[in-house]
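The values are calculated or read from the model by the stated rules, or taken from the named source; none is laboratory data. Everything numeric here is computed off the predicted structure, so don't read it as measured data. No Cβ is skipped: glycine too gets one built from the backbone with ideal geometry, and neighbour counts run over all protein chains shown. The area values use the complete protein model at the heavy-atom level, side chains included, leaving out ligands, DNA and RNA. Shrake-Rupley method; radii C 1.70, N 1.55, O 1.52, S 1.80 Å.
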Amino acid sequence: MKKALSVLSLSVSVLLGTQAWAQDDTVRYEWDLTDIYADVPAWESAMDTISERIDNLSTLQGTLGDSSASMLSALREISATNKEAVRAYVYTSLERDADQRVAETQERFGLARQLFTNLGEATSWISPEVLEVGEERVNQFLAEEPGLADFEFMLRDILRRAPHTLDQQTEAILAQAGLVLSSPEQIYENYANADIPWPTVTLSDGQEVTLSQAGYSRWRTAENRDDRKLVFDTFWNTWNQYADGMGATLASEVQSNLFTARVRNHESVLAHNLFDDGLPPEIYTQLVSQVNDALPVFHRYLQLRGRMLGVDDLRYYDIYPPLVEVDTGEFGLKRSEEITFAALEPFGERYLELLAYGLSQDWMHSHPQPGKRSGAYMNGSVYDVHPYVLLNHTDDYNAMSTFAHEWGHAVHSLLANENNPYETAGYSTFIAEMASTINEILLEEYMIANAETDEEKLFYLGGALESIRGTFFRQTMFAEFELAIHQAAERGEPLTGPRLTEIYGDLLKRYHGHDEGVLTIDDAYAVEWAFIPHFYYDFYVFQYATSISGAAWFAEQFLAGDTEVRDDFIRVLSAGGSDYPHEILLNEAGLDMTQPEAYGPVLRRMTDLMDRIEALL
């Protein structure tokens, strides 16, 4: 497919400061999966080859301690097999996500998932065997064989995990159980993206709209307050009809996590998940402490929102509309590409080169379509190909912000893959979300600076506040919910749909100042937990909140013209997974997320944004 924007025209339009955006922007992109496999038969052939390689991995068992050369040979074959298995899996995952109603793509995805289960079982002996070889001999091998340098971080991480590594037979059983333990997420995906019949409603202007997940995201921002209430009432009533089934699904996810943590001798599910990334527990507790202490700042924003909307009795359905209505034009993909490129200019030449190249390729599936996976993501796991970006672009400002966010992930993957071997290219979510969230901040400041009227400036200032609400406060609330339901399971308490609604509702009310009269939460909306896919990603969400904190820390210095900290940030992205994320941030940039000071910039930013709004008002 011919792209609408070449690298040259993109660069020239930015350099000339072009403002003549195409209002009739009908550009839509579909990704080209032939970069991974030419066609389905090629994928099928690869699956056969990978399956054979997996079967042959058993011949390597017992050889790691023979010599440094034998260890290198075994680890290289295991890594190469893993790389090809990831390639096969990602192909089916992307193919399926474009339309989850297609039985054939669902079947191929299931086969790829089974392949990964087989790979996990076939390699489950590695950690126990490395521990049998012992730290002293591992160090000797590393000194003898330069080729093992690519595996050094992995080997030292295996040694670190010794207290939580089981014998070979038990590790094999756990690997076999992987498909079953990950089933709740698949059940959620099928419910949310393929099975739930989405209702239609008629808005005050006579327009009939479908409240799918993408439709809800769009129409919850409606200017008419009665329309917003109708959208909320209808959408959440639909989810309430599935609350029992979704409750059982999420409860199964929690029990799966609890089982894995206990089998691996962790004191809690939270401890297990933090341990995997080498994150100090103080990061989580510091985040929750800082956010709860800052709730008065959040409540100031909610009160400002009510004032600007002209609403005395602020409700949950008043959260999403922009603070002011202004005609910014549509942010179609062509306009989103050009503005994003201009906004990210502070990153410098190399970053912009990678972004421009990516935007000139067929790496993106851009717009909603029936059966398509909701939300947005970047998948950069096919190491020797390139990242892929899934969007559900709705041509509004939030869609452009998501566009900038996901392409931040894509450039991160390009930098990590460029500077690391496959074995250490994969990076932690903890840093990944900083790479994307900082793009949102730079985009916000660009739009505020280039606003042509006070109304436009208020619109973009309000959008920046919404970003902090949605990422710093909302995601930490999600994290507290996730911790609460896992702690309930650890205490032996049953988790049902009504109980999950109760726990979530209590958090909604506390965060939004319900009892203080700041914002009223209707009980029917407390089923929102059932809608959130991230609760199946195992303590993923708190890293959004730490990431906007870290991104604000970097951006505060970026925007003050500090090129040194910009270079530090590029080094952080380029480090990939060569060390634990907390250590990368600390060593490359001096950012310590266990300390209160790390969270100061995001709160200063929020206060500054509100001050700027009030000055304009």
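Per-residue answers, yes or no, for (1) touching a Ser or Thr at 6+ places or on another chain (Cβ under 8 Å); (2) of a type in the set (F, W, Y); (3) without any contact (Cβ under 8 Å) to a residue 12 or more places away in the chain:
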{"site": "S70", "(1), (2), (3)": "yes, no, yes"}
{"site": "A85", "(1), (2), (3)": "no, no, no"}
{"site": "Y91", "(1), (2), (3)": "no, yes, no"}
{"site": "E95", "(1), (2), (3)": "yes, no, no"}
{"site": "R101", "(1), (2), (3)": "no, no, no"}
{"site": "T105", "(1), (2), (3)": "yes, no, no"}
Check your understanding: What number goes with the only condition from (1) under 21 Å from the mean Cα position of the chain (by Cα); (2) open to solvent by 10 Å² or more (accessible area, probe 1.4 Å); (3) in contact (Cβ under 8 Å) with a residue 60 or more places away in the chain that E516 does not pass?
Key -> (1)
Review point. Quick one: which of S79, S73 is open to solvent by 20 Å² or more (accessible area, probe 1.4 Å) and within 21 Å of P146 (Cα to Cα)?
Key: S73
Review point. Going through the range 469-519 one residue at a time, which ones are of a type in the set (G, A, S) and closer than 21 Å to E253 by Cα?
Key: A479, A484, A488, A489, G492, G497, G505
Revision key, fill the gap. Going through (1) outside any loop (DSSP other than H, G, I, E, B); (2) crowded, with 20+ Cβ neighbours inside 10 Å; (3) in contact (Cβ under 8 Å) with a residue 60 or more places away in the chain; (4) of a type in the set (A, V, I, L, M, F, W, C) one by one, A526 fails only at (3)
Practice item. Would you mind finding the one in I570, I503 that is open to solvent by 30 Å² or more (accessible area, probe 1.4 Å), among the hydrophobic types (A, V, I, L, M, F, W, C), at negative phi and in contact with a helix residue (DSSP H, G or I) (Cβ under 8 Å, 6 or more places away or on another chain)? Key: I570
Exercise for review: Scan the range 272-326 for residues that are buried (at least 19 other Cβ atoms within 10 Å of the Cβ) and acidic (D, E) and jot them down.
Suggested key: D318
Review point. Just a yes or no: is a residue in the range 596-605 hydrophobic (A, V, I, L, M, F, W, C), in a helix (DSSP H, G or I) and surrounded by fewer than 20 Cβ atoms within 10 Å (Cβ to Cβ)?
Key: yes
Practice item. Just give me the residues in the range 529-575 being among the hydrophobic types (A, V, I, L, M, F, W, C) and without any contact (Cβ under 8 Å) to a residue 40 or more places away in the chain, in sequence order. Key: A560, V565
Point to revise | Selection count, the range 45-91, where residues are within 12 Å of L115 (Cα to Cα) and either touching a helix residue (DSSP H, G or I) at 6+ places or on another chain (Cβ under 8 Å) or small (G, A, S) (or both) | key: 15
Review point. Quick check, is E349 open to solvent by 40 Å² or more (accessible area, probe 1.4 Å), under 18 Å from V411 (Cα atoms) and modelled with pLDDT under 95?
Key: yes
Practice item. Test N265 against the stated conditions and say whether it is under 26 Å from S428 (Cα atoms), open to solvent by 50 Å² or more (accessible area, probe 1.4 Å) and among the polar types (S, T, N, Q). Key: yes
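Condition check ((1) charged (D, E, K, R); (2) closer than 18 Å to G470 by Cβ; (3) modelled with pLDDT of 95 or more; (4) open to solvent by less than 10 Å² (accessible area, probe 1.4 Å)) across all residues:
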{"position": "Y537", "(1), (2), (3), (4)": "no, yes, no, no"}
{"position": "T546", "(1), (2), (3), (4)": "no, yes, yes, yes"}
{"position": "G550", "(1), (2), (3), (4)": "no, yes, yes, yes"}
{"position": "F558", "(1), (2), (3), (4)": "no, no, no, no"}
{"position": "G561", "(1), (2), (3), (4)": "no, no, no, no"}
{"position": "E564", "(1), (2), (3), (4)": "yes, no, no, no"}
Point to revise | Candidates L111, L94 - the one that is assigned to a helix (DSSP H, G or I), surrounded by fewer than 18 Cβ atoms within 10 Å (Cβ to Cβ) and at pLDDT 95 or above | key: L111
Practice item. Name the one entry in G215, G147 that is open to solvent by less than 60 Å² (accessible area, probe 1.4 Å) and modelled with pLDDT of 95 or more. Key: G147
**Study point:** Within the range 114-141, considering residues that are free of Cβ contacts under 8 Å to residues at least 60 places away in the same chain and not small (G, A, S), the one most open to solvent (accessible area, probe 1.4 Å)
**Key:** E136
Check your understanding: In this structure, does R300 turn out to be touching a Leu at 6+ places or on another chain (Cβ under 9 Å), assigned to a helix (DSSP H, G or I) and charged (D, E, K, R)?
Key -> no
Exercise for review: Test S374 against the stated conditions and say whether it is closer than 30 Å to T520 by Cα and in a loop (DSSP other than H, G, I, E, B).
Suggested key: yes
Practice item. Could you list, in sequence order, all residues of the range 151-171 that are among the charged types (D, E, K, R), open to solvent by 40 Å² or more (accessible area, probe 1.4 Å) and under 15 Å from G120 (Cα atoms)? Key: D167
Review point. Among the residues of the range 98-105, is any surrounded by fewer than 16 Cβ atoms within 10 Å (Cβ to Cβ), of a type outside the set (D, E, K, R) and under 29 Å from I196 (Cα atoms)?
Key: yes
Check your understanding: Of all helices (runs of 4 or more DSSP H) completely enclosed by the range 393-491, which ones contain at least 3 residues that are open to solvent by less than 10 Å² (accessible area, probe 1.4 Å)?
Key -> 397-419, 429-449, 454-468, 474-490
Review point. On the given criteria, is I503 modelled with pLDDT of 95 or more, within 17 Å of L609 (Cα to Cα) and in a helix (DSSP H, G or I)?
Key: no
Point to revise | Matching entry among T249, T260, T221 (being assigned to a loop (DSSP other than H, G, I, E, B) and under 24 Å from the mean Cα position of the chain (by Cα)) | key: T221
Study note, to complete from the structure: Within the range 382-392, residues being under 13 Å from the mean Cα position of the chain (by Cα) and outside any loop (DSSP other than H, G, I, E, B) number 2
Practice item. Find the residue count for the range 559-594, including only residues that are charged (D, E, K, R) and closer than 17 Å to T429 by Cβ. Key: 2
Review point. Looking only at the range 530-558, which residues are touching a Leu at 6+ places or on another chain (Cβ under 8 Å) and either under 25 Å from E482 (Cβ atoms) or not in a helix (DSSP H, G or I) (or both)?
Key: A530, F535, Y536, F539, F542, A545, T546, S549, G550, W553
Review point. Going through the range 47-70 one residue at a time, which ones are open to solvent by 20 Å² or more (accessible area, probe 1.4 Å) and not in a helix (DSSP H, G or I)?
Key: Q61, G62, T63, G65, D66, S67
